[in-house]
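Working notes for the structure below.
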Protein chains: 6
Amino acid sequence: MAEETELLARGLEIVRKLWGEREGGTEFPAQKLAPQFFGLVPSFVFGMFWARPNLDLRSRSLCTVAQLAALGRMDELKAHLAGALNLGIRREELIEVLMQTACYAGVPAAVSALNAAATVLGT
Amino acid sequence: MAEETELLARGLEIVRKLWGEREGGTEFPAQKLAPQFFGLVPSFVFGMFWARPNLDLRSRSLCTVAQLAALGRMDELKAHLAGALNLGIRREELIEVLMQTACYAGVPAAVSALNAAATVLGT
Amino acid sequence: MAEETELLARGLEIVRKLWGEREGGTEFPAQKLAPQFFGLVPSFVFGMFWARPNLDLRSRSLCTVAQLAALGRMDELKAHLAGALNLGIRREELIEVLMQTACYAGVPAAVSALNAAATVLGT
Amino acid sequence: MAEETELLARGLEIVRKLWGEREGGTEFPAQKLAPQFFGLVPSFVFGMFWARPNLDLRSRSLCTVAQLAALGRMDELKAHLAGALNLGIRREELIEVLMQTACYAGVPAAVSALNAAATVLGT
Amino acid sequence: MAEETELLARGLEIVRKLWGEREGGTEFPAQKLAPQFFGLVPSFVFGMFWARPNLDLRSRSLCTVAQLAALGRMDELKAHLAGALNLGIRREELIEVLMQTACYAGVPAAVSALNAAATVLGT
Amino acid sequence: MAEETELLARGLEIVRKLWGEREGGTEFPAQKLAPQFFGLVPSFVFGMFWARPNLDLRSRSLCTVAQLAALGRMDELKAHLAGALNLGIRREELIEVLMQTACYAGVPAAVSALNAAATVLGT
């Protein structure tokens with residue numbers, strides 16, 4: 001549909017900054033089950049929200065990492081930690097964000113997030 | 001106890017940067033019920049975590065706002081929005097953080113956070 | 001922007017079926033604080049998702065009520081209970097959805113939802 | 001105990017409609033650890049709630065799928081997706097319920113639910 | 001129905017130990033909206049679970065207080081704090097349970113619980 | 001840093017009562033990624049909270065198990081179930097705590113907790 005082109009274009013520009021040409025990958029079983037869903041995500045998550053003015057990408061990335069850690073969404077956390085590194089956020093900064101999660105979502109939330117992060121941030 | 005003095009001092013320095021001399025206020029019923037708890041908070045939340053190196057205060061503040069919005073903790077969200085303004089984070093930046101919450105915690109989480117924020121960020 | 005017009009039009013058609021010409025109202029403090037956010041909601045929640053084929057509006061409405069009750073989102077629950085009544089879903093059906101929430105989200109979640117519902121469904 | 005017979009009978013009738021003669025299966029480690037718990041579940045979840053009048057089984061099934069997706073309960077989600085198919089709910093309808101979860105519980109909740117669903121709904 | 005009589009009798013015995021003859025009260029709007037729900041609660045929460053052997057009432061009460069604080073269910077938390085006092089659990093013990101919640105559900109969860117508790121436990 | 005010695009000493013005394021000389025183990029990937037975090041946990045979780053007076057260790061352990069089950073924190077739940085056994089809490093008591101979770105956090109929370117527990121409590 002022609003009307004979604006611009007939203008999608010804006011969203012994919014952000015997606016490329018976070019993950020290069022991978023564009024979200026094709027690896028999840030969900031992507032085969034509901035390809036229409038994954039066609040919408042770049043438009044609305046990245047095109048409607050991340051592409052807005054008034055907040056820099058670094059801050060958007062850190063806030064997303066913080067929220068995914070607090071909510072216990074480990075698959076997305078790993079993806080966004082990799083994206084954060086691609087934006088130039090340092091490994092040490094990301095570890096601090098995850099540690100501080102203990103204060104607001106409890107120690108087990110921070111431990112789970114740090115465990116998930118170990119596969120992305122190395123040890 | 002001498003050993004807790006330094007943690008507390010480091011924590012209170014952060015508290016002052018966020019909220020001036022208010023130091024958390026004395027207004028909550030909980031503070032009368034469990035004063036010992038509120039003696040611990042500056043030491044461990046701010047002294048043990050926020051006072052650590054490797055991540056700037058602006059980023060710690062934005063991540064905290066993001067997590068409190070995602071977790072639906074409205075009293076603390078209001079307090080940390082006020083603290084963020086005191087650190088020089090702009091009102092427009094904070095609104096973006098809260099809007100983007102819709103992607104990761106759902107639209108109702110973002111609406112609740114924006115409603116709570118209206119009392120702090122004005123309209 | 002032309003491309004968002006169609007999404008918005010599809011979304012607003014659903015909004016009108018749920019709430020008549022009210023279109024979400026203008027009463028929340030958040031709507032003054034972040035009008036841009038409330039411009040996006042009809043496009044993406046209702047235009048991108050609810051307006052899709054393959055599932056009838058009655059089922060979408062019941063599932064939304066069920067999720068809002070389970071997640072403890074009381075303001076949106078009340079709005080969607082009113083919308084459900086406008087779609088012709090019966091009061092007794094909605095009470096059953098809320099009662100059954102006890103099995104999956106715990107008894108307190110069901111009690112909170114039923115308390116919120118009392119203001120919409122009458123007693 | 002004789003007194004629980006009728007509740008249990010009503011509950012098991014629902015269980016059979018959802019999963020045939022499997023009756024919840026015997027595969028979970030929890031069932032060996034706490035068999036008394038799994039003796040109670042058909043009585044109270046299915047006997048006390050699902051067996052009540054005023055709401056059809058199709059709607060109860062869709063609402064349960066919606067809540068389990070929103071709450072991130074993946075084992076039960078898979079079981080109830082299978083049950084929903086047994087009730088005659090179509091695969092496409094279930095995918096829509098899971099996609100719409102993105103609006104109310106966030107995109108990661110929908111992705112997790114769609115990933116879990118892929119093993120039941122095929123690809 | 002005869003079979004539910006015994007469950008209910010066992011449940012109401014526990015209810016009386018927690019709250020005397022009040023038996024849950026009649027004050028909530030939900031109780032007018034869905035009286036059938038509140039007829040089930042004593043049977044299944046108290047009759048099926050709390051009345052079981054192998055764990056003393058004091059421990060059941062403390063664990064319930066702990067869970068309601070962690071989950072942010074403030075109305076039920078207040079009711080169960082009052083019930084805990086009636087069982088002879090000391091005010092100081094309950095405050096410790098709520099403070100310790102900070103470790104597992106985050107500091108804001110503990111603060112909210114202590115605020116709610118102040119109305120029951122006095123200051 | 002000298003100042004944290006006493007908090008740490010008090011915390012490690014509790015850790016030893018729960019898990020013997022293991023002291024939290026060294027097995028998690030998170031421990032390699034963020035050793036500084038795991039240096040803080042005994043000080044603040046166990047030194048600042050668990051080591052406080054006014055509530056016995058048995059009650060602290062039961063409440064922790066209850067909260068971890070309600071919050072779905074399975075790794076920590078397993079660790080604290082093992083700790084509870086070391087304190088002399090009986091297997092049957094722990095199973096009751098997990099079963100009762102169904103009332104406050106929903107049946108799926110109880111099932112997940114019982115599944116996780118099966119590896120620690122045996123079958």
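Which distance in Å, rounded to a whole number, links the C-alpha centroids of the range A:106-123 and the range B:70-88?
So the two Cα centres are separated by 25 Å.
Mind checking the angle between helix D:5-19 and chain D's longest principal axis? C-alpha axes, 0 to 90 degrees, to the nearest 10.
30 degrees
So what's the back-of-envelope 222 nm ellipticity for the protein assembly as shown, counting only DSSP H runs of four-plus at -39500 (n - 2.57) apiece and dividing by all residues, rounded to 500?
Details: 42 runs with 519 residues, N = 738.
So the helix-based figure for the protein assembly as shown works out to -22000 deg cm²/dmol.
Test of understanding: ordering A:Val97, D:Val111, E:Val41 by Cβ neighbours within 10 Å, fewest first, what list do you get?
E:Val41, D:Val111, A:Val97
Counting Lys +1, Arg +1, Asp -1, Glu -1, what net charge surrounds B:Glu93 among other residues with beta carbon under 12 Å of its beta carbon?
Details: positive: A:Arg52, A:Arg58, A:Arg60, B:Arg58, B:Arg90, B:Arg91; negative: A:Asp56, B:Glu92, B:Glu96.
Net of charged neighbours comes to +3.
Rounded, prolate or oblate for the protein assembly as shown? Axes are the square roots of the Cα gyration tensor eigenvalues, ordered a ≥ b ≥ c, and the cut-off for rounded is a/c under 1.5.
Numbers: a/c = 1.45, a/b = 1.00, b/c = 1.45.
Rounded.
Among the lysines, which have Cα under 22 Å from the Cα of D:Lys78 when same-chain residues fewer than 8 positions away are ignored?
Answer for D:Lys78, where 22 Å is the Cα cut-off: A:Lys32, D:Lys17, D:Lys32, listed by chain and number.
Give me the dipole magnitude in Debye, nearest 20, for chain B about the Cα centre, with unit charges on the beta carbon: positive for Lys and Arg, negative for Asp and Glu. Walk me through the numbers before you get to the answer.
Working: 12 positive and 13 negative charges, 37 e Å.
With Lys and Arg at +1 and Asp and Glu at -1, about 180 debye.
Report, largest value first, the span of the C-alpha coordinates of the range B:65-123 along each principal axis, in whole Å.
Its Cα atoms span 28, 20, 20 Å along the three principal axes.
Looking at D:Gly47, D:Ala109, D:Gly11, which one has the Cα that reaches farthest to the positive end of the dipole of chain D (charges on Cβ: Lys, Arg +1; Asp, Glu -1)?
Of the options given, the answer is D:Ala109.
Please work out the Cα convex hull volume for chain E and give it in Å³ per residue.
Details: hull volume 13.7 nm³, N = 123.
Once divided by residue count, the hull of chain E is 111 Å³.
So how far apart, in nm, are the two label points at A:Leu85 and B:Lys32 if each is 7 Å from Cα heading toward Cβ?
Distance between label points: 5.3 nm.
Could you give the size of the charge dipole of the protein assembly as shown about its Cα centre, using +1 on the Cβ of each K and R and -1 on the Cβ of each D and E, expressed in debye and rounded to the nearest 20?
Working: 72 positive and 78 negative charges, 5 e Å.
The dipole of the protein assembly as shown has a size of about 20 debye.
Per 10 Å bin, what percent of the C-alpha pairs of the range A:21-82 does each bin hold, from zero upward?
Taking all Cα pairs of the range A:21-82, the binned fractions are 19, 47, 32, 2 percent.
Any read-out appearing in this document is the output of simple, stated calculations on the displayed coordinates, not a laboratory observation. None of these values were measured; they are calculated from a predicted model. Cβ coordinates were reconstructed from backbone atoms using ideal geometry, including for glycine residues, and neighbour counts include every protein chain displayed.
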